[in-house]
Amino acid sequence: NLRNASSFLCLKKTSKYKTVRHFSVENKLVKDEKSEKFIPFLQRINLRRSEARRSIVVQVQSSQSFKELYAYCNSIGKIKYMFHYSVGIEPLHFIIVEFETDTDITNIKKSSIFVEGSLGLPTQSHFVWFRAAHKKLPKLKQIKSTCLQIENGTAIKEEEVINQMLSKSENISDQIKTLHEITKLNDVGTRLRFLTALQIEDAVNGMFPHAVAYPFGSSVNGYGKMGCDLDLFLKLAADKPNSENGRLVFHCKPLNGSERTMNQKYMETLGDLIYLFLPGCGQVRRILQARVPIVKYQQQLTDVECDVSMTNMSGVHMSDFLYIMGEQDDRVRPLIFAIRKWANIAGITNSSPGRWISNFSLTLLVLAFLQNPLSGKPVLPSLNKLSELSGPEDKFQLEDGTDVSFLRDIRKYKTKTKNTDSLEQLLKEFFEYYAHFDFENKAVCLNETVNVPKPEFSPMYIVNPLERGLNVSKNVSSDEVVRFKNEVRNAAWMLESQESKSTHWGLLSILQNKRTNSILQAVSAHSQQGRLVEVSTLFEREDEDNKKQNKRSNV
Ligand code: CTP
Ligand code: MG
């Protein structure tokens, strides 16, 4: 089933291309995770970038086109892997072809053409389509066997399928692990995001040969799910300009206004460039008044929604910090996936920006809890500890001079945690922890693993671990903090109050629609006061609340 992210086919090419082996995605993930060694974040980013550089995305008629495409491409360069994916309800089919060397891709590009009379500007990129052959095809039988994978990199698993799989788990800890395994961003999804980044990098490469488009955020920090957005930081210049040798110096255009004004202008131009010249890119929106101006767009050929910025590297270093936290202990990522999912269903987080808690803030809340759990046995170290252990290779500064040095190779952190709590215990403890957290007086701080007094009044204060003067959750309103506290209490209560396995047992009991949960909560509250209220009345109240909230979010 090509449209189902839960399965992929490994098409083992025999002379007749007929052997099709089916694996469950779980098998593959377990295998991949076991064989995967720790690779420092920036090194991993560079490996993925080089993989994207050696790849092309070919639009084809159907997945069956791989035979012909294989024969054609392999006559020009040596193929390493091919992956099929599809986009849309009436699916468009694509195959990612990764070649062995950079020379292969140069030859592929040289041999790719522009068709006369085709609409649009003749733009060269890694996105091509495979047209019907004019000549007789070579005999496909003679092609040696190789492994072609069909793994959907774009489809998001349906809720019903997720619920079914979770209901079959043994216990809550298994449910949390399964949720992580079946919803996390897969290899093809990652490849598509790096190919999307490469397109932006290539677009400015003539003027800025050192430009790098760094993916950051959930696409690369290990907390991304299938279909997650791509955050990109476009860095135009190299880290250290080569100023020592050479006497011929490039003329450069002087700044023509304040740094912020100039940045807004560059972003505006980048938006035009994406809109006018880059194939597959549409729905360009410029958000230039934000603290960090961004351009949003949709890359339709990779089915990726992008946010590009050019302001600073902080997001990239922050992603490195979140990445090593996830690598530090196997329980971190599954727990964060479960909590992010719960928060989304409970309406605590929301994909549109506003006065609610963002996924990023929520992730920091979970990490802070893991640094300082109620049991007193930390699962994760503080950022200060990692900064103390940083070596010369870990020294980095932001553009404004802020020091962001911390140990990047987590293998060098030798202290093992004494915390052996199961995922189920940690989840329950998380809810307990924040149900009693003193948001009025305390700030969450990942640098010290203690909760520090709030430096200023904000309903929720999470110290930005890298730029300590900033509050990551500055946007969060006091209503939302109250709602968060209510929902964590509610979730703790739901998890504790289950006696036997119902259909929606364990994790599923808190992943049901918010409406069902709050009705249950309200019924419980009313019945405790001896006031039984008809459920229909409660639904009506809930609807009114939702309408009000929607109105607010539209504004
Ligand atoms: N970021 C940051 N400081 C903030 C907000 C964001 O450093 N105040 C960085 C973080 O590295 C974060 C990234 O920008 O991971 C992207 O932010 P966002 O897209 O909001 O969060 P994601 O973690 O990508 O989550 P999502 O899946 O919701 O996109
Ligand atoms: Mg993001």
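The values are calculated or read from the model by the stated rules, or taken from the named source; none is laboratory data. This structure is a prediction, so every number in the text was calculated from the model and none was measured. Here the Cβ positions follow ideal geometry from the backbone for every residue, glycine too, while neighbour counts run over all protein chains shown.
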- Can you tell me how many residues in the stretch 474-511 are within 18 Å of Tyr434 (Cα to Cα), hydroxyl-bearing (Ser, Thr, Tyr) and touching a residue at least 40 places away in the same chain (Cβ under 8 Å)? 1
- Task: Kindly check whether there is at least one residue in the stretch 219-227 that is within 16 Å of ligand 2 (Cβ to nearest atom) and in a helix (DSSP H, G or I).
- Result: yes
- Which one is farthest from ligand 1 (Cβ to nearest atom), of the residues in the stretch 441-466 that are closer than 16 Å to Leu386 by Cα and surrounded by fewer than 17 Cβ atoms within 10 Å (Cβ to Cβ)? Val450
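Filter the stretch 203-218 for residues that are aromatic (Phe, Trp, Tyr) and more than 10 Å from ligand 2 (Cβ to nearest atom) and give the result.
So in the stretch 203-218, the residues aromatic (Phe, Trp, Tyr) come out as 208, 214, 216.
Phe208, Tyr214, listed by residue number.
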- Kindly provide the set of residues from the stretch 337-352 that are more than 15 Å from ligand 2 (Cβ to nearest atom), of a type in the set (Val, Ile, Thr) and not in a helix (DSSP H, G or I), ordered by number. Ile348
- Go through the stretch 337-370 and give me each residue that's in contact with a Phe, Trp or Tyr (Cβ under 8 Å, 6 or more places away or on another chain) and β-branched (Val, Ile, Thr). Ile339, Ile348, Thr349, Ile357, Thr363, Val366
- Listed residues Thr101, Thr123; which is within 30 Å of the chain's Cα centre (by Cα), farther than 30 Å from Met226 by Cβ and either of a type in the set (Ser, Thr, Tyr) or at pLDDT below 95 (or both)? Thr101
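In the stretch 228-249, which residue that is assigned to a loop (DSSP other than H, G, I, E, B) and either under 22 Å from Val58 (Cα atoms) or within 11 Å of the chain's Cα centre (by Cα) (or both) is farthest from ligand 2 (Cβ to nearest atom)? Step through it out loud before you land on a result.
Going through the stretch 228-249, the residues assigned to a loop (DSSP other than H, G, I, E, B) turn out to be 228-229, 236-249.
With the extra rule that they be either under 22 Å from Val58 (Cα atoms) or within 11 Å of the chain's Cα centre (by Cα) (or both), the set shrinks to 228-229.
Details: Cys228: 6, Asp229: 4 Å.
Filtering first and then ranking leaves Cys228.
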- Looking only at the stretch 353-389, which residues are of a type outside the set (A, V, I, L, M, F, W, C), within 16 Å of ligand 2 (Cβ to nearest atom) and in a loop (DSSP other than H, G, I, E, B)? Pro353, Gly354, Ser358
- Task: Could you tell me which residue of the stretch 381-418 is farthest from Val450 (Cα to Cα), considering only residues that are in contact with an Asp or Glu (Cβ under 7 Å, 6 or more places away or on another chain) and of a type in the set (A, V, I, L, M, F, W, C)?
- Result: Ile410
- Message: Filter the stretch 334-390 down to the residues that are aromatic (Phe, Trp, Tyr) and under 16 Å from Glu424 (Cα atoms) and list them by number.
- Response: Phe337, Trp342, Phe369
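Taking the stretch 470-496, which residues are small (Gly, Ala, Ser) and either in contact with a strand residue (DSSP E or B) (Cβ under 9 Å, 6 or more places away or on another chain) or within 15 Å of Glu429 (Cα to Cα) (or both)?
First, pick out the residues of the stretch 470-496 that are small (Gly, Ala, Ser): 473, 477-478, 491-492.
Answer for the stretch 470-496, where residues must be small (Gly, Ala, Ser) and either in contact with a strand residue (DSSP E or B) (Cβ under 9 Å, 6 or more places away or on another chain) or within 15 Å of Glu429 (Cα to Cα) (or both): Ser473, Ala491, Ala492.
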- Note on the structure: Given (1) near ligand 1 (Cβ under 9 Å from one of its atoms); (2) surrounded by fewer than 22 Cβ atoms within 10 Å (Cβ to Cβ), Leu322 misses just (2)
- Residues (within 16 Å of Gln371 (Cβ to Cβ) and out of contact with any helix residue (DSSP H, G or I) (no Cβ under 8 Å at 6 or more places or on another chain)) located in the stretch 452-463: Val452, Val463
- Within the stretch 373-382, is there a residue that is surrounded by 15 or more Cβ atoms within 10 Å (Cβ to Cβ), within 16 Å of ligand 1 (Cβ to nearest atom) and on the phi < 0 side of the Ramachandran plot? no
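Rundown of residues vs (1) surrounded by fewer than 19 Cβ atoms within 10 Å (Cβ to Cβ); (2) at pLDDT 95 or above; (3) polar (S, T, N, Q), yes/no style:
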{"residue": "Thr196", "(1), (2), (3)": "no, yes, yes"}
{"residue": "Val204", "(1), (2), (3)": "yes, yes, no"}
{"residue": "Tyr214", "(1), (2), (3)": "no, yes, no"}
{"residue": "Gly224", "(1), (2), (3)": "no, yes, no"}
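Could you identify the single residue in Asn256, Asn171, Asn186 that is more than 16 Å from ligand 1 (Cβ to nearest atom), of a type in the set (S, T, N, Q) and touching a residue at least 60 places away in the same chain (Cβ under 8 Å)?
Details: Asn256 fails: touching a residue at least 60 places away in the same chain (Cβ under 8 Å); Asn186 fails: more than 16 Å from ligand 1 (Cβ to nearest atom).
Criteria check complete, one pass: Asn171.
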- Looking at the stretch 288-320, which of its residues are more than 14 Å from ligand 2 (Cβ to nearest atom), among the β-branched types (Val, Ile, Thr) and assigned to a strand (DSSP E or B)? Val295
